[in-house]
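J.: What follows is a structure written as structure tokens; I'll ask about it next.
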Amino acid sequence: MARAHGGLTSAGKVRKCTPKKEKKEKPRPPRGRAYKRLLYNKNFVDDTLIHNGRRLGPNNLLIRQKLGF
């Protein structure tokens with residue numbers, strides 16, 4: 001017979017202990033054509049993708065720091 005990982009008495013302990021945070025107000029992200037335009041500009045047009053003559057990916061730490069993420 002299969003057994004649960006850990007006892008059932010320890011279920012849900014972490015979620016109960018973490019403090020509840022309020023949701024932040026954020027601007028609505030662009031959708032549809034506008035989102036595709038944002039992706040195109042981020043991946044191909046911006047000069048921030050070139051560092052020391054090499055093309056960097058969109059998830060690179062240097063790129064994210066420049067863009068403020």
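J.: Once you place label points 7 Å from the Cα toward the Cβ at Arg28 and Leu62, how far apart are they in nm?
T.: 3.7 nm
J.: Shifting gears a bit: If you build a Gaussian network model of the chain, linking Cα atoms that sit under 10 Å apart, which residue out of Lys21, Lys13, Lys42 swings the most?
T.: Among Lys21, Lys13, Lys42, the largest mean-square fluctuation in the Gaussian network model of the chain belongs to Lys13.
J.: Across the stretch 53-69, in residue order, what do the Karplus-derived ³J(HN,Hα) couplings come to in whole Hz, using 6.51 cos²θ - 1.76 cosθ + 1.60 with θ = phi - 60° and x for Gly and Pro?
T.: Once rounded to whole Hz, the list reads x, 10, 7, 9, x, x, 9, 5, 4, 4, 5, 5, 5, 5, 7, x, 8.
J.: Another question, then. When the chain is treated as a GNM, springs tying every alpha-carbon pair under 10 Å, which of Pro58, Pro29, Pro19 comes out with the largest mean-square fluctuation?
T.: In the Gaussian network model the winner is Pro19.
J.: Pick from Gly12, Gly57, Gly32: which is most flexible by mean-square fluctuation in a GNM of the chain where alpha carbon atoms under 10 Å apart are linked?
T.: So, out of Gly12, Gly57, Gly32, the one fluctuating most is Gly12.
J.: Name the residue from Leu38, Pro58, Phe69 whose Cα lies farthest towards the positive end of the charge dipole of the stretch 28-69, charges +1 on Cβ of Lys and Arg and -1 on Cβ of Asp and Glu.
T.: Leu38
J.: Applying the Karplus parametrisation 6.51 cos²θ - 1.76 cosθ + 1.60 with θ = phi - 60° to the phi angles of the stretch 20-28, what ³J(HN,Hα) value in whole Hz is obtained for each residue in order, glycine and proline being reported as x?
T.: For the stretch 20-28, the Karplus-derived couplings read 7, 10, 6, 6, 7, 7, 10, x, 5 Hz, x marking Gly and Pro.
J.: Taking Lys66 as the anchor, which lysines have their alpha carbon closer than 18 Å to its alpha carbon, excluding any fewer than eight residues away along the same chain?
T.: Lys42
Each value in this text was obtained by applying a stated rule to the coordinates, not by laboratory testing. All values derive from a computational prediction rather than experimental measurement. All Cβ positions, glycine included, derive from the backbone under ideal geometry; neighbour counts span all protein chains shown.
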